[in-house]
Number of protein chains: 4
Amino acid sequence: MKNYITKSSIEIGQNASGEAISVTKFTIKGTDTKAKKVYIQASMHASEIQGNAVILALLNHFNEKQPLGNITIIPQCNPIGRDMLIGAGHVGRFDAANGDNWNRYYFKPEINYQAFAENHLKSTQAGYGKALRQLISTQIENALQSDFGLSRARRLNYRMQQEALWADIILDLHTDTHAVDYLYSPQYAKESAKKFGFEHVLLIENKCNGALDEAGFYPWWSVQKAFAQLAREEPVLVESYTLELGSEELIDHKKAEIQAQSILHYLASQGVVDQMPGHKHALAKPVAFYDEGSFRQVYAKNGGLYEWFLLPGETFVKDQVIGQCLQMAHAKAIPICYPFDGLLISINGKGALQQGSHLLNVVNAL
Amino acid sequence: MKNYITKSSIEIGQNASGEAISVTKFTIKGTDTKAKKVYIQASMHASEIQGNAVILALLNHFNEKQPLGNITIIPQCNPIGRDMLIGAGHVGRFDAANGDNWNRYYFKPEINYQAFAENHLKSTQAGYGKALRQLISTQIENALQSDFGLSRARRLNYRMQQEALWADIILDLHTDTHAVDYLYSPQYAKESAKKFGFEHVLLIENKCNGALDEAGFYPWWSVQKAFAQLAREEPVLVESYTLELGSEELIDHKKAEIQAQSILHYLASQGVVDQMPGHKHALAKPVAFYDEGSFRQVYAKNGGLYEWFLLPGETFVKDQVIGQCLQMAHAKAIPICYPFDGLLISINGKGALQQGSHLLNVVNAL
Amino acid sequence: MKNYITKSSIEIGQNASGEAISVTKFTIKGTDTKAKKVYIQASMHASEIQGNAVILALLNHFNEKQPLGNITIIPQCNPIGRDMLIGAGHVGRFDAANGDNWNRYYFKPEINYQAFAENHLKSTQAGYGKALRQLISTQIENALQSDFGLSRARRLNYRMQQEALWADIILDLHTDTHAVDYLYSPQYAKESAKKFGFEHVLLIENKCNGALDEAGFYPWWSVQKAFAQLAREEPVLVESYTLELGSEELIDHKKAEIQAQSILHYLASQGVVDQMPGHKHALAKPVAFYDEGSFRQVYAKNGGLYEWFLLPGETFVKDQVIGQCLQMAHAKAIPICYPFDGLLISINGKGALQQGSHLLNVVNAL
Amino acid sequence: MKNYITKSSIEIGQNASGEAISVTKFTIKGTDTKAKKVYIQASMHASEIQGNAVILALLNHFNEKQPLGNITIIPQCNPIGRDMLIGAGHVGRFDAANGDNWNRYYFKPEINYQAFAENHLKSTQAGYGKALRQLISTQIENALQSDFGLSRARRLNYRMQQEALWADIILDLHTDTHAVDYLYSPQYAKESAKKFGFEHVLLIENKCNGALDEAGFYPWWSVQKAFAQLAREEPVLVESYTLELGSEELIDHKKAEIQAQSILHYLASQGVVDQMPGHKHALAKPVAFYDEGSFRQVYAKNGGLYEWFLLPGETFVKDQVIGQCLQMAHAKAIPICYPFDGLLISINGKGALQQGSHLLNVVNAL
């Protein structure tokens, strides 16, 4: 690796022998200190691993071509879930000891944004940006020192958030179960989001429900709104996305090359890397935006053995048979159809399933 | 069993062969149709089983002495979690497939309580009570028929809630991990709660966060408040409690006899059963009430092998050494103390634990 | 279903509420009492479910065309493992409570085969067959009544074995993880085995290591050998096979149709069903036989994120790169090759894996 | 720590990021190079942790008083199982990915002991001892380099065995589930075994079934037997024991002090440490020896909620009620008794259990 790429280690926990549990961090120093800073992590849901192949492609790219902006990358950021192999799969989406979803405990700072905006009405962007980051950082630091301790998921989330906090662009690399690629984008960043070239984009509300994307942008959206109420027009200084890079438990290095190009194309549009001619192809297809509310989880109405006739990314119409459920106790096959049209985003359950199992994620046009 | 005690079966799910997953329901017909109706369930957290021993004691009691009010009892109400034996313990607190806490998905009805109260300003208690139950029941029924299906935890919660909905008194029997007995009571029911004779009572807010106790009383508290705004003074018609009956994965039939007596004493105070002289002993000790906010979970600050020197129910003072943590990688023992006084409610983690593991529940006097 | 097909229920265990745990059994009465009897079961490894789709195809076939011989079918014969959904997959190959492989505890009878053969030197085939079955049945029955009880796996295996014991042909339907179809056949049944038309056949030794195939044929092979020592030439009266029907956690009804045809073609060759012209196509490909010893499990020499470039059923040569392992802590990809030629039977591990994880099953030509 | 105690790290695996998984090894240099060498490990079954508290007591002792013989200690020797917290307990006895019991894959060398003894008929004890160790070591090393890789359990066992191989005394520290202390001793070491002062001793056969105790002594017992056939009377040079130190998932430092004294008393009898007057008290009680065959596992004949009336270490007689099983579906309690007398060694199952669950370990007087 070139000498502008450095590797370090961050302690995120302690095992039952009293030794550190750590993650590896790669830091790529950019050539332009004024360029935007980027934070990328993968595998907070530990079985969602394709982002690491994308990171390897990005590291190889940066090794050949130094970026303008500083980039911090943490692959496999959840070492607790990483090795939780149980039977035929991982327990990687939640803490196996208590059920905590690894992506729901990022810190929501307690800030009076109106007061903050008033105090910083005359500050530069750099000035109030630094002040807000400092404020959040202190709050996270205090939370980490709580007299009562922190759960594993919360501690891990807070530690990663401390790393992400200093970036202007935050990319959290996930996958769905067996899925088409899609992107979670904040509503205000709709135009920027197009630059990733993802065919399917889910627009999320300006709230803070514990995932990194929301925790990353919420303070910046809030302060921008507060400034607006004081008649100062400001952009939202931070963009934060969750990239759903296909299917879990799977590495596909060829697809990773294309996904890395998508990210580079977006980063070029943000001035983090130089424009590259080769990126255009990723934008061939039109981008569809969906409201978060149209994204629905579908659960099994019957218990049985499930087989699907549709692939993620395909659409279906009302009453179309898109799968079947074998019930061996009754020696019959039940066709599966729904009373709505939809786009199949992901297949989350197949094979032997009880009633109530998570079957599908769909975008539902009611 | 006497003929006023009947047994039936409720289908709550379907296994992967297409067969019904059911729970057993016992119905005890009371002698007085005007007496309050009671609903009791145990083991929604499937590894929390002591409530079943209490139910067996109650059934034996009712078999000898018919109650005044109708009583519905569902032991082991979570057959999905019941048999989830994995290694040295159960996965009984959450759905092993997706991490859903089995006690967080009870239905919160969408009701305009102000409009309801206005419509029923002249109704009798029985009249508006029946109307409100009918409204909630219809909403749950509709939710169970959702086009998108329901997750296992949600479906199970909704089905039990349909049973509980018709009762005036709802008792949800749980345990903590390794714990002293304690009671969750709504704040408005503080005086009634004393009749259980539990030494420790946690007062919960009038909100609805998904547990059965809250889901059970929230609509009734809300409608009472709405009536009050219209200057009609009404009691809250439903009382709903969670009883924490000691330690999980454990049956203690002698203790169950005493716990059953506590419940009978409370039911006698509500006119559901006849007063019995023998109940008084359960009230020997004074009852302490704590705000929900003073009940704190304590997480491991170190990874290691944990040993505790205190028993649940005992108190400790600031900086008292109440346990130790062996770190074998460093061949040392770290004493454990906290910068606050407290009452130890439960020991939730012992043995080999990572940093961030749930150690204790304490009532914390800041 | 026609009236020669009947359904019944067999109790194989008891859940923690004291209720029966049962499996469904289908019995198809044949037209010819002298024809061979068949026993078919699926999903003892509960995540290996394709056999059920095959069973549904067979039931549909038998419903249209009554067989000559009696056929007993038990789909999803392991209801304990069936619903063990944990995180991203099943724990279906072993008892989640104690690690017992569900397919290793079938009963091995204690029989002095030489003495048995001497006693039955003049018996008819039917005569000594009935006597041997009776002997084994009594031993299994006694074992089920052990004063010390039986583990879940052992009890389940014994109960299924009681059903299988009365058949002349035993088919145990399994799958591998992500695999090509293959067949385990006893060495003496090599010629019969060809009739299934499976491209890959593993020949197993005449021993008894706890799986159903071996437990099914071992007594019959032993008694035939004992007769041979007394100069009476007898065939081995029972044939017992394990069919590996592709990949686990998957239902493919189109493939199931073809697999059902393969089974029917074999059954026709045994006189259990009528010959059908359509079966021939299944035999287009040549059958390769392999010694059990050449079937090898391959384990990960490195920990990392695994990607494979080869499909099950394909061959590879010494030093050919057939996959790669990403090690994100070192930002590198390690090519995977082996110092031997081989046939890839199955991919058992992909994605995030520790060193020592089960990667592949191969047939290895040393 | 004194400078004759050193700490090092042994790599036993690699995680899914490609980093080493290691265990900590403590080496205590003795004062007398001719004294016997000792190997101690704890927690191969990762939830059996009391041995670590004993090790800490031993380290503290050795820090104050240097031993005569060299002592190697590996606490928490199974870092893969160590952090496998799932729901209410550990999966620590077996590999959660495939069910492998962590204590069943130690290496059994392929040695022609008769030929070895003939070659070494004139060798000194030291001479043939060194040669045999070298032979085994080379075979283990080759096995670790297998072209096909090794499973996690096998690799971990082999690595620990390489450490144990050079010792004259091997102590493997385990616990049972909820149990009295007991000792596994090879039959030939019966007299030495008394020195531990354990009340209950199970005598194991001279075979090699994959556990460390057997793997440790089997070659030495075999070579002694081979010498005997050549009329050279030799002692068995290695003693190897499994110490069952009470209950799993539990640390008790007071009990650990007593258990450490028991070990020191044994070591003193072997000349590894100086005699100490204080050790005698551990031998107050008589030692009972039991054949391996009289140690029986008892499994649940009913599914239900189990409560026990007896403690580990207590005896029971035929038909004595020693517990009960609540079956809530039938609202009844079934008394538990057995048709034999016995000593209760451990309670392995309580609470909600299916039929076939492991209930007890007993010593059974048939």
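Return the long-range amide H neighbours of D:SER346 (sequence gap of 5 or more, or a different chain), with a cut-off of under 5 Å between placed amide H atoms.
D:ASN361
Using only atoms on other chains, find how many Cβ atoms lie within 10 Å of each Cβ of peptide A:250-256 and report the average.
Across A:250-256, the average partner-chain Cβ count within 10 Å equals 4.
Taking every pair of alpha-carbon atoms in the stretch B:313-359, give the share separated by more than 15 Å as a whole percent.
52 percent
If I fit a long axis through the Cα atoms of helix D:152-164 and take the longest principal axis of the Cα atoms of chain D, what angle between them do I get, 0 to 90°, rounded to 10?
That helix lies at roughly 50 degrees to the long axis.
How much length is gained if the chain between C:PHE289 and C:ASP274 is pulled fully straight, taking 0.36 nm per residue apart and subtracting their Cα-Cα distance, in nm to one decimal?
That pair, C:PHE289 and C:ASP274, stretches by 2.7 nm at full extension.
Would you work out the charge dipole size for chain A about its Cα centre, treating the Cβ of every Lys and Arg as +1 and the Cβ of every Asp and Glu as -1, and quote it to the nearest 20 debye?
So the magnitude is around 480 debye.
For chain C, which whole-number percentage of the solvent-accessible area (1.4 Å probe, protein heavy atoms only) is attributable to carbon and sulfur atoms?
49 percent
Give A:LYS36/C:LYS332; A:LYS225/B:LYS225; D:LYS7/D:LYS65 a once-over and call out the pairs whose C-alpha atoms are over 24 Å from each other.
As for pairs spanning more than 24 Å Cα to Cα, those are A:LYS36/C:LYS332; A:LYS225/B:LYS225.
Just to be sure I understand: of the beta bridges DSSP finds with both ends in chain B, what percent are antiparallel, rounded to 5?
65 percent
Across the stretch B:64-163, how large is the tail of the calculated P(r) beyond 24 Å, expressed as a percent of all Cα pairs?
Above the 24 Å cut-off, the stretch B:64-163 has 44 percent of its Cα pairs.
Quick one: Karplus J couplings for the stretch A:40-45, per residue in order, coefficients 6.51, -1.76, 1.60, θ = phi - 60°, nearest Hz, x for Gly and Pro?
Result, rounded to whole Hz: 10, 9, 9, 6, 4, 7.
Given the -39500 (n - 2.57) contribution per DSSP H run of 4+ residues, what per-residue ellipticity at 222 nm results for the protein assembly as shown, rounded to the nearest 500 deg cm²/dmol?
Theoretical 222 nm ellipticity from helices: -8500 deg cm²/dmol.
As a test, work out the antiparallel percent of DSSP beta bridges whose residues both lie in the protein assembly as shown, rounded to the nearest 5.
65 percent
Mind checking the mean number of beta-carbon atoms from other chains within 10 Å of the Cβ atoms in A:320-328?
Partner-chain Cβ atoms within 10 Å, mean over residues of A:320-328: 6.
State the Cα centre-to-centre distance between the stretch A:200-247 and the stretch D:284-320 in whole Å.
Taking the Cα centre of each part, the stretch A:200-247 and the stretch D:284-320 sit 63 Å apart.
Hey, got the average number of other protein chain Cβ atoms within 10 angstrom for residues in A:18-27?
5
Return one number: the angle in degrees, 0 to 90 and rounded to the nearest 10, between the long axis of the Cα atoms of helix D:212-229 and the longest principal axis of the Cα atoms of chain D.
In chain D, helix D:212-229 runs at an angle near 50 degrees to the longest axis.
Can you give the net charge of the other residues whose Cβ lies under 13 Å from the Cβ of A:LEU58, counting K and R as +1 and D and E as -1?
Residues near A:LEU58 contribute -1 overall.
How big is chain B along each principal axis, measuring the range of its Cα positions in Å and listing the largest first?
For chain B, the Cα spread along each principal axis is 72, 52, 45 Å.
Under the classification rounded if a/c is under 1.5, otherwise prolate if a/b is larger than b/c and oblate if not, where does the stretch C:51-117 fall, given a ≥ b ≥ c as square roots of the Cα gyration tensor eigenvalues?
Oblate.
Search the structure for amide H atoms under 5 Å from the amide H of B:ILE12, placed 1.01 Å from N in the peptide plane, and list their residues when 5 or more places away or on another chain.
The list, which skips near neighbours in sequence, is B:ILE21, B:SER22, B:VAL23.
Of C:SER294, C:PRO339, C:THR315, whose Cα points farthest to the positive end of the dipole of the stretch C:238-360 (charges on the beta-carbon: +1 Lys, Arg; -1 Asp, Glu; origin at the Cα centre)?
Of C:SER294, C:PRO339, C:THR315, it is C:PRO339.
Write out the chymotrypsin sites (Phe, Trp or Tyr not before Pro) in the stretch D:285-325 meeting two conditions: DSSP loop, and at most 14 other Cβ atoms within 10 Å of their Cβ.
Answer in residue order: D:PHE309.
Report the calculated FRET efficiency for A:HIS330 and C:SER137 (r = Cβ-Cβ distance, R0 = 35 Å), to the nearest 0.05.
In this case the efficiency is close to 0.70.
For chain B, calculate the relative contact order in percent as a whole number, restricting contacts to Cα pairs under 8 Å that are 6 or more residues apart.
17 percent
Under 1.5 on a/c is rounded, so check that first for the stretch A:141-294, then, if it is not, pick prolate when a/b is larger than b/c and oblate when it is not; a ≥ b ≥ c are the square roots of the alpha carbon gyration tensor eigenvalues.
oblate
Please list, in order along the stretch C:125-130, the HN-Hα scalar couplings obtained from phi with the Karplus expression 6.51 cos²θ - 1.76 cosθ + 1.60 (θ = phi - 60°), rounded to whole Hz, x for Gly and Pro.
Calculated HN-Hα couplings, in order: 4, 4, x, 6, x, 5 Hz.
Using bins 10 angstrom wide from zero, how does P(r) for the stretch D:211-263 break down, in % of all Cα pairs?
Taking all Cα pairs of the stretch D:211-263, the binned fractions are 21, 31, 24, 17, 8 percent.
Go through the stretch A:50-88 and flag every residue whose accessible area shrinks by 40 Å² or more with all protein chains in place compared to the isolated chain (probe 1.4 Å).
Buried-area filter returns A:LEU56, A:GLN76, A:ARG82, A:ASP83, A:MET84, A:LEU85, A:ILE86, A:GLY87, A:ALA88.
What's the total accessible area buried between chains D and C, using a 1.4 Å probe, rounded to the nearest 100 Å²?
By this definition, chains D and C bury close to 3500 Å².
Apply the Karplus parameterisation 6.51 cos²θ - 1.76 cosθ + 1.60, with θ equal to phi minus 60°, to every residue of the stretch A:138-149 and state each ³J(HN,Hα) to the nearest whole Hz, in sequence, with x for glycine and proline.
5, 5, 5, 4, 4, 4, 5, 9, 3, 4, 8, x
Amide H neighbours of C:LYS332 under 5 Å, at least 5 residues apart or on other chains, H built in the peptide plane: list them.
C:GLN327
Expressed as an acute angle from 0 to 90° and rounded to the nearest 10, what is the orientation of the C-alpha long axis of helix C:253-269 relative to the principal long axis of chain C?
The angle comes out at about 40 degrees.
Express the accessible area of the stretch A:285-360 per residue in Å², computed with a 1.4 Å probe while the remaining protein chains stay in the model.
Computed with neighbouring chains in place, this is 38 Å² per residue.
Per-residue counts of other Cβ atoms within 10 Å, averaged by peptide: what ranking do you get for B:74-83, D:267-276, highest first?
Going by the mean number of other Cβ atoms within 10 Å, highest first, we get B:74-83, D:267-276.
So how exposed is C:ASP147, as accessible area in Å² (1.4 Å probe, rounded to 10)?
Taking all protein chains as shown, C:ASP147 has close to 70 Å².
Taking the radius of gyration and the Kirkwood hydrodynamic radius from Cα positions alone, what is the Rg/Rh ratio for the stretch C:3-59, to two decimal places?
Value, to two decimals: 1.05.
Semi-axes of the equivalent ellipsoid for the protein assembly as shown, please: Cα gyration tensor eigenvalues, times 5, square-rooted, ordered largest first, whole Å.
49, 41, 40
Given a 1.4 angstrom probe, what's the average accessible area per residue across the stretch C:97-209, in square angstrom?
Each residue of the stretch C:97-209 exposes 39 Å² on average to a 1.4 Å probe.
Project the alpha carbons of the stretch C:3-138 onto their principal axes and report the range along each, largest first, in whole Å.
Ordered largest first, the stretch C:3-138 gives principal extents of 59, 41, 27 Å.
So, R0 is 51 Å and r is the distance between the beta-carbons of B:ASN112 and D:ASP252; what FRET efficiency does that work out to, to 0.05?
For B:ASN112 and D:ASP252, the calculated efficiency is 0.30.
Using alpha carbons only, how many angstrom separate the centre of the stretch B:115-159 from the centre of the stretch D:49-91?
Cα centres, the stretch B:115-159 to the stretch D:49-91: 57 Å.
The values are calculated or read from the model by the stated rules, or taken from the named source; none is laboratory data. From a predicted model like this one, the values you see are computed outputs, not experimental measurements. Note: ideal-geometry Cβ built from the backbone for every residue, glycine included; neighbour counts use all protein chains shown. To get the accessible areas, we keep the full protein, side chains included, count just its heavy atoms, and leave off ligands, DNA and RNA. Shrake-Rupley method; radii C 1.70, N 1.55, O 1.52, S 1.80 Å.
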